[in-house]
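See below for the structure under consideration.
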Amino acid sequence: MDPIELLPREYGYVILVLVLYSFLNMWMAFQVGKARKKYKVFYPTLYALESENKDAKLFNCVQRGHQNSLEMMPMFFALLLLGGLRHPLVSAGLGLLYVVGRYFYFTGYATGDPNNRLKLGGLSFLAVMGLTVCTISCGIKFVL
């Protein structure tokens with residue numbers, strides 16, 4: 001038997017959301033690259049120093065928006081893939097909400113005012129809570 005046949009048919013949506021987030025991550029990385037050129041922050045420097053670069057805060061906000069998304073990515077992927085085993089449509093919907101929230105988190109942060117990251121970017125944290133519930137439900141189903 002093909003192992004794919006063991007997964008719910010709707011699990012394909014979960015996989016597509018994961019790929020969508022991967023594209024968003026690549027776009028964010030490209031934005032950091034553009035900011036490196038614009039603000040003259042060259043590799044291997046991770047963050048600009050305000051004492052050396054008048055645009056340090058602007059660059060650091062772009063960099064930090066992407067870095068935080070990278071830090072959250074393993075947890076998001078794990079919760080999405082595991083929660084999706086039992087609740088594929090709900091998990092895919094929450095995953096899509098997470099992707100949209102992360103877009104607004106990044107673009108808000110990239111304005112140079114870190115407070116802007118949470119206006120609509122906070123949706124991503126709501127999505128993580130929902131995915132956590134889906135994953136707990138999946139775990140409980142395995143042990144019962």
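Laboratory data are not the source of any read-out in this text; all were calculated from the coordinates shown. Keep in mind the model is a prediction, meaning the values are calculated, not measured. Note: ideal-geometry Cβ built from the backbone for every residue, glycine included; neighbour counts use all protein chains shown.
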The residue that is farthest from residue 66 (Cα to Cα), considering only those in region 1-25 that are surrounded by fewer than 15 Cβ atoms within 10 Å (Cβ to Cβ) and β-branched (Val, Ile, Thr), is 4
Quick check: is even one residue across region 26-42 surrounded by 16 or more Cβ atoms within 10 Å (Cβ to Cβ) and either within 15 Å of residue 121 (Cα to Cα) or touching a Gly at 6+ places or on another chain (Cβ under 6 Å) (or both)?
yes
Within region 13-58, restricting attention to residues that are in contact with a helix residue (DSSP H, G or I) (Cβ under 8 Å, 6 or more places away or on another chain) and small (Gly, Ala, Ser), which residue is farthest from residue 113 (Cα to Cα)?
29
Looking across region 114-128 at residues that are more than 17 Å from residue 73 (Cβ to Cβ) and without any contact (Cβ under 8 Å) to a residue 40 or more places away in the chain, the single one that is surrounded by the fewest Cβ atoms within 10 Å (Cβ to Cβ) is 115
Sort through 120, 85, 80 and tell me the only one that's assigned to a loop (DSSP other than H, G, I, E, B), in contact with a helix residue (DSSP H, G or I) (Cβ under 6 Å, 6 or more places away or on another chain) and of a type outside the set (Lys, Arg).
120
Within region 60-78, does at least one residue satisfy the condition of being under 17 Å from residue 11 (Cα atoms) and surrounded by 13 or more Cβ atoms within 10 Å (Cβ to Cβ)?
yes
